[in-house]
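Reading through the structure tokens given below for one structure.
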Amino acid sequence: MWCGLFFAMLARAEVQRVAGQEASNEILPRVFVLSADWAERIPPAGRVNAPEFLTTLHPGQKIAVGLMAKGPDRDRLFDGVRLTIKLAAPAYAGGPWRDLKPVTVRPIKAEGADFALLALQAAGIAEAEHDKLKKATALVTLAVFAPEWSVPMDGGETDVELLVEVTGAAMPVAPEPVRLRIRSVADWAKEPPLSDGEISKQMNRHRENLSPGQLLAWFRVMAKSPALKAPPVHALFAFAFKANPAARAAAVEAYPTLEPEVQPALLWVLRLGGADLPGLFPMLSRETLATFNDVEPLPDPRRLPRFQDPVNLQEVRDIGNVMDQCWAGWMATGDKSYLRALVGLLEGAPDFAVFKAWQEERGGAKGLNARVARGLAYQIAGWSISSFQRSDPHVADWLQYWHNDPAVPEVIRQEIMALPTNPAFQRK
């Protein structure tokens, strides 16, 4: 608890220092490139963390262009602003795209600001001071524009340059050209492979721009590791290949060149994602495909058990694995429904004391009931959500949004506010 408050107070002091500095109203000349679906995956209102800005692209990727503004009236600077975007690349044709309006204009907050503000709020900070700090932790505004262009699937490695012209701004803006590298699946295969431990460390957040080539490179390493048998690992690959047609196509195309131990692992993971293996691999023998006939696709982990008496003992034993698979779905897709399912388990807060009493009394299977199971699920969910709140900016965005959403049950809103300091979620 005190660790969270300590860092929150440090953040508060830094915010107060920055808030006292005046900034002129200005649209900055730098152009940012981001994934086109970012605006669809963020909460519908409020401040958000910055997207992952791109320097490389992959075939099939659809892009958006962002401009930032600073100053006390920065949100209004994009009123009436329009963009013309041109693509300069010998191997690619596209545009110009003219008179583009912003698809969204959002205040961007400092990463970690939500965690600090929730800790201060849980500690009883005055509402007026909270509002002042909330405003001060969003120092820029991002406007996103979406040209109708995606990287062609059949192109090779090359550089492209985006040229942006701004009209309708109150003051002239001359954006700098931005250069991007397009990398194919084959290009990613040239990279020195990471270790399975290094890849596992990357599996702590939604990777919004993980390219098909990079995903396949990760899989080739993890397929040779015992870690692939872990529910969050194989579920992440199963959901990623299922949700991303370009990644699935890249894996199928690469299959003949994969190492002998990687090939069956790929078929297994694709089958876990519900793939029609004979349809994807008509060249494979019946004997090879028959090996995977009994592999059942993973059930939807968002259908988390809502424990009622008499409890199913196996469901209680499996709840941690099901949550891990739910996190895998979130990491693979960024679909908020996976996260919302996990956050829903915080409704078990009233049952936590019952679980602790059962634990201290060593109640065992005979004493296990629905309230004990809900208290257990509450604690495991809280542990994992607290961890992702610190490591994944998109999780932090949604938690902040749901904390302020009156449609969310009050017990969940209170639990979200208490996440940084709740002793139930402090690992001993």
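The values are calculated or read from the model by the stated rules, or taken from the named source; none is laboratory data. It should be emphasised that the depicted structure is a prediction, and the values quoted were computed from it without experimental measurement. FYI the Cβ positions are ideal-geometry reconstructions off the backbone, even for glycines, and counts take in every protein chain you see.
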Given (1) over 28 Å from the mean Cα position of the chain (by Cα); (2) at pLDDT 95 or above, number of the condition MET283 does not satisfy: (2)
When residues of the stretch 341-374 are limited to those that are under 28 Å from the mean Cα position of the chain (by Cα) and more than 16 Å from GLY320 (Cα to Cα), the one surrounded by the fewest Cβ atoms within 10 Å (Cβ to Cβ): GLU347
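Do we find that PHE6 is at pLDDT below 90, among the aromatic types (Phe, Trp, Tyr) and either touching a strand residue (DSSP E or B) at 6+ places or on another chain (Cβ under 7 Å) or farther than 28 Å from ALA174 by Cα (or both) in this structure? If you could, list the steps in order and put the result at the bottom.
Working: at pLDDT below 90: yes; among the aromatic types (Phe, Trp, Tyr): yes; either touching a strand residue (DSSP E or B) at 6+ places or on another chain (Cβ under 7 Å) or farther than 28 Å from ALA174 by Cα (or both): yes.
Against the criterion (at pLDDT below 90, among the aromatic types (Phe, Trp, Tyr) and either touching a strand residue (DSSP E or B) at 6+ places or on another chain (Cβ under 7 Å) or farther than 28 Å from ALA174 by Cα (or both)), PHE6 qualifies.
Residue-by-condition table, conditions (1) of a type outside the set (Ser, Thr, Tyr); (2) farther than 30 Å from ASN244 by Cα; (3) touching a helix residue (DSSP H, G or I) at 6+ places or on another chain (Cβ under 7 Å):
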residue: ASP324; (1), (2), (3): yes, no, yes
residue: LYS336; (1), (2), (3): yes, no, yes
residue: ALA341; (1), (2), (3): yes, no, yes
residue: ALA349; (1), (2), (3): yes, yes, yes
residue: GLU360; (1), (2), (3): yes, yes, no
residue: ARG371; (1), (2), (3): yes, yes, yes
residue: ALA377; (1), (2), (3): yes, yes, yes
residue: ILE380; (1), (2), (3): yes, no, yes
Enumeration of residues in the stretch 23-41 that are in contact with a helix residue (DSSP H, G or I) (Cβ under 7 Å, 6 or more places away or on another chain) and crowded, with 20+ Cβ neighbours inside 10 Å: ILE27
Residues located in the stretch 240-299, provided they are more than 19 Å from PRO226 (Cα to Cα) and among the charged types (D, E, K, R): LYS242, ARG248, GLU253, ASP276, ARG286, GLU287, ASP294, GLU296
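From the set of residues in the stretch 150-202 that are among the polar types (S, T, N, Q) and either more than 27 Å from the chain's Cα centre (by Cα) or more than 17 Å from LEU34 (Cβ to Cβ) (or both), which is surrounded by the most Cβ atoms within 10 Å (Cβ to Cβ)? It would help to see each step written out before you state the result.
Of all residues in the stretch 150-202, those among the polar types (S, T, N, Q) come to 150, 158, 167, 184, 195, 200, 202.
Going one step further and asking which of them are either more than 27 Å from the chain's Cα centre (by Cα) or more than 17 Å from LEU34 (Cβ to Cβ) (or both), we end up with 158, 167, 184, 195, 200, 202.
On the way: THR158: 14, THR167: 13, SER184: 21, SER195: 10, SER200: 18, GLN202: 13.
The qualifying residue surrounded by the most Cβ atoms within 10 Å (Cβ to Cβ) is SER184.
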Matching residues in the stretch 144-176 - criterion: being small (Gly, Ala, Ser) and either more than 18 Å from LYS62 (Cβ to Cβ) or outside the structural domain of VAL103 (by TED's automatic domain parsing) (or both): GLY156, GLY168, ALA169, ALA170, ALA174
Cβ-Cβ under 9 Å pairs, at least 6 apart or on other chains, the stretch 260-271 side outside the structural domain of ARG248 (by TED's automatic domain parsing), far side modelled with pLDDT of 95 or more and part of a loop (DSSP other than H, G, I, E, B): none
Checking LEU266 against (1) in contact with a helix residue (DSSP H, G or I) (Cβ under 7 Å, 6 or more places away or on another chain); (2) modelled with pLDDT under 95; (3) in a helix (DSSP H, G or I), the condition it does not meet: (2)
Where a residue in the stretch 25-50 is closer than 18 Å to GLY334 by Cα and its partner, wherever it lies, is of a type in the set (S, T, N, Q) and crowded, with 16+ Cβ neighbours inside 10 Å, with Cβ under 6 Å and at least six apart: SER35/ASN209; ALA39/THR104
Residue list for the stretch 394-419, restricted to those being touching a helix residue (DSSP H, G or I) at 6+ places or on another chain (Cβ under 7 Å) and among the aliphatic types (A, V, I, L, M): VAL395, ALA396, LEU399, VAL408, VAL411, ILE412, ILE416, MET417, ALA418, LEU419
Flag if SER337 is closer than 30 Å to PRO51 by Cα, at pLDDT below 95 and part of a helix (DSSP H, G or I): no
Residue match in the stretch 221-228 (condition: under 18 Å from the mean Cα position of the chain (by Cα) and closer than 16 Å to ALA332 by Cβ): no
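Suppose we keep only residues that are of a type in the set (D, E, K, R) and not in a helix (DSSP H, G or I) within the stretch 60-89. Which one would you say is farthest from VAL166 (Cα to Cα)? Walk me through it before giving the result.
Narrowing the stretch 60-89 to residues of a type in the set (D, E, K, R): 62, 70, 73-76, 79, 82, 86.
With not in a helix (DSSP H, G or I) added as a condition, the list becomes 62, 70, 73, 79, 82, 86.
Working: LYS62: 21, LYS70: 16, ASP73: 19, ASP79: 12, ARG82: 6, LYS86: 12 Å.
Going through the qualifying residues, I end up with LYS62.
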